[in-house]
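The values are calculated or read from the model by the stated rules, or taken from the named source; none is laboratory data. Just so you know, these numbers come straight off a predicted model, no measurement behind them. Here the Cβ positions follow ideal geometry from the backbone for every residue, glycine too, while neighbour counts run over all protein chains shown. Heads up: the accessible areas ignore ligands, DNA and RNA and are worked out on the full protein's heavy atoms, side chains in. Shrake-Rupley method; radii C 1.70, N 1.55, O 1.52, S 1.80 Å.
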Amino acid sequence: MTSERIDDLAPATLVVAAGRPDRAQGAPVNPPLVLSSTFVSRGVPGPGEPLYGRIDAETWHPFEQALGTLEGSAHPALVFGSGMAAIAAALSLVPPGGRLVLPRHSYQVTLGYAQDLHERLGVDVALVDIDDTDAVLAALREPTSMLWVETPTNPMLEVADLPVLVEAAHAAGALVGVDNTFATPLVQRPFAHGADVVVHSVTKYLAGHTDVVLGAALADDDDLHARLHAYRTLHGSIAGPFEVWLALRGLRTLALRVERSQASAAELARRLSAHPAVAEVRHPSLPTDPGHERAARLMDGFGSIIGLRPVGGPDAADAVVAALRLWVPATSLGGVESTLERRRRFATESVTVPEDLLRMSVGIEDVEDLWADLDRALRAL
Ligand code: PLP
């Protein structure tokens with residue numbers, strides 16, 4: 001891989017330039033996909049020499065290096081088999097009997113995992129409204145092992161005052177883990193605010209084409225990085241080389257995709273807030289949105305997820321989903337295609353998420369086509 005220093009480049013350049021092979025005459029421009037579970041090893045391999053595919057795989061490195069640079073970490077990212085595998089690794093830093101403070105509206109499977117830690121390992125789990133800074137500070141008055149942050153939250157789009165929370169968590173002796181899936185490192189870099197661990201569901205924006213399930217975890221600190229690395233090897237929660245190769249291919253266009261989908265999301269949110277069939281719209285770009293001021297201060301954009309509550313409750317929300325022709329009714333988010341779903345159709349979704357909330361992931365299609373489809377479905381109510 002290239003040894004040239006490239007981290008003084010803009011993020012939009014880094015996603016294209018990072019993780020390329022050395023520029024030797026005749027070298028491939030893209031890193032090769034190496035499919036081999038084991039590697040020739042006479043005697044004990046030296047540092048950096050490949051041994052076995054659960055411990056290391058050279059196809060992981062270009063993506064890991066690129067994501068580490070984008071997040072501003074001293075270490076490369078560590079890829080995992082899924083976002084949840086990366087989250088499980090990060091939450092393994094909470095000791096048995098420890099205390100975990102996390103958002104009430106975290107991704108529902110993260111909440112399920114926290115509940116599992118409570119039942120199996122006696123971890124004390126405190127749920128907070130992450131945008132209510134006073135409530136989080138109050139929760140951090142008790143000795144705490146880790147503050148977990150999603151910002152914006154899934155699916156409520158609450159925005160946390162990250163620097164204030166990080167300072168309070170560190171004062172309480174807690175580590176801070178941030179799920180940066182919704183924002184991506186182009187929009188928010190949690191290490192710059194003092195976070196200790198950052199995770200991604202690479203499945204979403206980073207890979208971006210709805211064809212890969214993959215995760216990543218990063219730590220700036222040497223010891224935390226080593227612990228996450230050891231967790232991955234011990235649990236075997238690794239990624240297949242092909243998935244990582246595809247994710248790097250997706251990452252190359254991240255800046256273009258994020259720019260386009262964020263602009264479209266802001267425009268759709270603005271139009272939706274004036275629509276007669278809409279009861280409420282959440283998007284941090286809206287000046288009236290509760291997260292607007294913080295997002296404008298702490299993020300380089302407002303993301304491309306919209307929360308929409310049509311007039312008429314859950315039945316109306318289901319009718320909108322059924323009437324759409326272009327928007328795809330599907331779970332997940334962050335792909336090139338626009339998708340949406342009513343989150344409370346899952347019994348496991350937090351009961352404080354409104355029954356009629358549609359989580360909309362805005363893709364890169366022409367914004368007028370997206371609007372025409374939405375407007376038609378809403379007017380049919
Ligand atoms: N974090 C967030 C914010 C998510 O939305 C998701 C999945 O929807 C995950 C983590 C889990 O990622 P994965 O599905 O790749 O395991």
Out of all the residues in the stretch 294-321, which are part of a helix (DSSP H, G or I), out of contact with any Pro (no Cβ under 7 Å at 6 or more places or on another chain) and in contact (Cβ under 8 Å) with a residue 40 or more places away in the chain? Arg294, Leu298, Gly313, Pro314, Ala319
Hits in the stretch 294-312 (condition: touching a strand residue (DSSP E or B) at 6+ places or on another chain (Cβ under 8 Å) and either within 12 Å of Thr151 (Cβ to Cβ) or open to solvent by less than 10 Å² (accessible area, probe 1.4 Å) (or both)): Ser304, Ile305, Ile306, Gly307, Leu308, Pro310
Could you check the stretch 196-211 and list, in sequence order, the residues that are open to solvent by less than 10 Å² (accessible area, probe 1.4 Å) and either more than 12 Å from the ligand (Cβ to nearest atom) or acidic (Asp, Glu) (or both)? Val197, Gly208
Considering only the stretch 79-107, state which residues are assigned to a loop (DSSP other than H, G, I, E, B) and more than 10 Å from the ligand (Cβ to nearest atom). Ser92, Leu93, Val94, Pro95, Pro96, Gly97, Gly98, Arg104, His105
Taking only pairs six or more apart or across chains, which ones have beta-carbon atoms under 7 Å, a first residue in the stretch 346-372 that is loosely packed, with under 13 Cβ neighbours inside 10 Å, and a second residue that is among the charged types (D, E, K, R)? Thr352/Arg104
Of the conditions (1) open to solvent by less than 60 Å² (accessible area, probe 1.4 Å); (2) among the small types (Gly, Ala, Ser); (3) on the phi < 0 side of the Ramachandran plot, Ala279 fails just one. Which one is it? (1)
Being out of contact with any Phe, Trp or Tyr (no Cβ under 6 Å at 6 or more places or on another chain), within 16 Å of the ligand (Cβ to nearest atom) and closer than 30 Å to Ala18 by Cβ, is that true of even one residue in the stretch 124-140? no
Could you tell me whether Leu214 is open to solvent by less than 10 Å² (accessible area, probe 1.4 Å), farther than 27 Å from Val336 by Cα, hydrophobic (A, V, I, L, M, F, W, C) and within 16 Å of the ligand (Cβ to nearest atom)? no
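So, Ser350, is that one within 22 Å of the chain's Cα centre (by Cα), at pLDDT below 95 and either outside any strand (DSSP E or B) or polar (S, T, N, Q) (or both) or not? If you could, list the steps in order and put the result at the bottom.
Numbers: within 22 Å of the chain's Cα centre (by Cα): yes; at pLDDT below 95: yes; either outside any strand (DSSP E or B) or polar (S, T, N, Q) (or both): yes.
Yes; evaluated as a whole, the condition is true for this residue.
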With the first residue restricted to the stretch 215-229 and required to be closer than 17 Å to Ser201 by Cβ, and the second required to be among the aromatic types (Phe, Trp, Tyr) and within 16 Å of the ligand (Cβ to nearest atom), Cβ contacts under 7 Å at 6 or more apart or on different chains are Gly215/Phe80; Ala216/Phe80; Ala217/Phe80
How many residues does the stretch 130-171 contain that are open to solvent by 30 Å² or more (accessible area, probe 1.4 Å), part of a loop (DSSP other than H, G, I, E, B) and free of Cβ contacts under 8 Å to residues at least 60 places away in the same chain? 4
Does Ala66 satisfy the criteria of being closer than 15 Å to Ala207 by Cα, surrounded by 19 or more Cβ atoms within 10 Å (Cβ to Cβ), under 19 Å from the mean Cα position of the chain (by Cα) and among the small types (Gly, Ala, Ser)? yes
